[in-house]
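Structure record follows, encoded as structure tokens.
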């Protein structure tokens, strides 16, 4: 419901309306000219609108086979809104796949651009000297130790995080249910009856397979996050020059 409301609000935007209409009607030159006019110089004050404008321009450039420029605009859009979801009714499947590939392969550039666009936080000082500018800290890599793809989702890797969440959740559920059923089939003496033994054996095997699969997916998620992902940018304090 929330996504539908946001889509309706964006659809009513007077700034992006002509460019969106031109793109959807196939008038790519007009869409490109309109979007470049909004972004160069920047005439959009809303970050979500700016992110959509970059991604809409990326889609236009992708359709015109200007892939380097399309990748650059996709990076800008993802840096502004890493949780954006492209509407398959608006964008073609090949462009959606292109943006997902950019989101994975250009993660370091996206993170760097997001840090550059992030507004500094002003912290008041107790003395009368000038305030200190402190950049917001990026998410810790310790999140990768949390199962179910939490670390990847926190760091903006939505596709990989969702895959890990589904895979680990499924294998964990299969393992837990199989173990519970196998234990419930035991008699008061802790043994299985001759009639229940084959079924219990199958559930025990299912429990072990699920547990090993969960452990393998968890280990992959941790190693992929800590070794394959770029290290977070180191925040640094800056001081406003005193006059």
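The values are calculated or read from the model by the stated rules, or taken from the named source; none is laboratory data. Since this is a predicted model, take the numbers as computed values, not measurements. Heads up, the Cβs are rebuilt from the backbone with ideal geometry, glycines too, and the neighbour counts pull from every protein chain shown.
Observations on the structure shown:
- Among the residues examined, residue 153 qualifies as at pLDDT 80 or above, outside any loop (DSSP other than H, G, I, E, B) and either out of contact with any strand residue (DSSP E or B) (no Cβ under 7 Å at 6 or more places or on another chain) or within 30 Å of residue 211 (Cβ to Cβ) (or both).
- In the stretch 180-192, residue surrounded by the most Cβ atoms within 10 Å (Cβ to Cβ) [restricted to those that are touching a residue at least 12 places away in the same chain (Cβ under 8 Å) and assigned to a helix (DSSP H, G or I)]: 182
- Condition broken by residue 146, with the remaining ones in (1) modelled with pLDDT under 80; (2) farther than 23 Å from residue 39 by Cβ; (3) surrounded by fewer than 19 Cβ atoms within 10 Å (Cβ to Cβ) satisfied: (1)
- Test: residue in the stretch 56-64 that is over 22 Å from the mean Cα position of the chain (by Cα), farther than 23 Å from residue 115 by Cα and surrounded by fewer than 19 Cβ atoms within 10 Å (Cβ to Cβ): yes
- Annotation: of all residues in the stretch 158-179 being surrounded by fewer than 15 Cβ atoms within 10 Å (Cβ to Cβ) and touching a helix residue (DSSP H, G or I) at 6+ places or on another chain (Cβ under 9 Å), the one that is nearest to residue 216 (Cα to Cα) is 170.
- Taken over the stretch 193-226, the residue count meeting the criterion of being part of a helix (DSSP H, G or I), surrounded by fewer than 13 Cβ atoms within 10 Å (Cβ to Cβ) and either in contact with a helix residue (DSSP H, G or I) (Cβ under 6 Å, 6 or more places away or on another chain) or at pLDDT below 90 (or both) is 5.
- Residue check, residue 48 under 13 Å from residue 84 (Cβ atoms) and modelled with pLDDT under 90: yes
- Test set (1) buried (at least 19 other Cβ atoms within 10 Å of the Cβ); (2) touching a residue at least 40 places away in the same chain (Cβ under 8 Å); (3) closer than 20 Å to residue 18 by Cα - residue 77 fails condition number: (2)
- Checking 167, 156, 161 one by one, the residue that is over 14 Å from the mean Cα position of the chain (by Cα) and either in contact (Cβ under 8 Å) with a residue 60 or more places away in the chain or on the phi < 0 side of the Ramachandran plot (or both) is 167 and no other.
- Contact map, the stretch 47-65: residues that are more than 20 Å from residue 89 (Cβ to Cβ) paired with residues that are in a helix (DSSP H, G or I), Cβ distance under 6 Å, separation 6+ or inter-chain. Pairs shown: 47/80; 50/80; 61/69; 61/70; 64/28.
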